[in-house]
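Nothing in this text is a laboratory measurement; each read-out follows from the coordinates by a stated rule. Small disclaimer: the values here were computed from a predicted structure and weren't measured. Positions of Cβ are generated from backbone atoms using ideal geometry, with glycine treated the same way; all protein chains shown enter the neighbour counts.
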Amino acid sequence: MRDLKNELQSFEGEEYDESHKAKAIETLKRMESWNLFSDTHEEFQNYTVARDSFLSHLGATLWGSMRHIISPSVSDGAFHYYEKISFQLFFMTQEKVRHIKQLPVDMNAIKDGLSSLMVPSQKPMFSPHMLPLSDDPDLAMAFSVARRAAAVPLLLVNGTYRKTIRTYLDSSILQYQLQRLNKHGSLKVLSGEGSSFTSS
């Protein structure tokens, strides 16, 4: 439409083909009378193609905006919905612990945190297991290999820094070891009280 208006303005003050100018004026009037909410019959095929192309582009733009602004962004494809979600919780201990309640772990906080990741209609199930390192040499070796140390600066009250050593575990190594032991059936697991329980 902007191109047509510019073309019509260029006709002023100069001699051009009157038929060309008349066609441009008719085309501009038809474009200004576009109705997005009804299908108006037009005798000119070129005009119909132009209108359909415009509406197609407009629809694609609006649909893309609605997916990311009005509604949450979703990817194409089918999704599987599971009513019950099972969480396997493994606790590795360096000492033999007879009961899972003896561990310095807030089970309620863990359950609440994992349950918050699900939709309200889903039901979580938790299966806690204890893995004493003293009973499994392979797992104890993986635990020692996965242990890492890093120097972290510690800010003191006087504004200076002091180096402190923090230890952490490389979870990828432990995960690989757990999967390997579980696959070969050599994983020695002590189930917690009620090997499987549902969150209330």
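Numbers for the structure displayed
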quantity: Under-26-angstrom lysine pairs by C-alpha in segment 84-198, whenever the two are 8 or more apart or on separate chains; calculated: 12
quantity: Estimated FRET transfer efficiency when R0 is 35 angstrom, pair Y176-L154 (beta carbons, to 0.05); calculated: 0.60
quantity: Förster radius 30 Å - calculated FRET efficiency between S116 and W63, Cβ distance, rounded to 0.05; calculated: 0.40
quantity: At R0 = 45 Å, FRET efficiency that the Cβ-Cβ distance of K163 and E83 yields, to 0.05; calculated: 0.30
quantity: Proxy reagent accessibility, fewest Cβ within 10 Å first, across T160, T93; calculated: T160, T93
quantity: P(r), alpha carbons of segment 84-198 - 10 Å bins starting at zero, rounded %; calculated: 12, 32, 31, 17, 7, 1
quantity: Placed amide H near L169: partners under 5 Å, 5+ positions off or other chain; calculated: R148
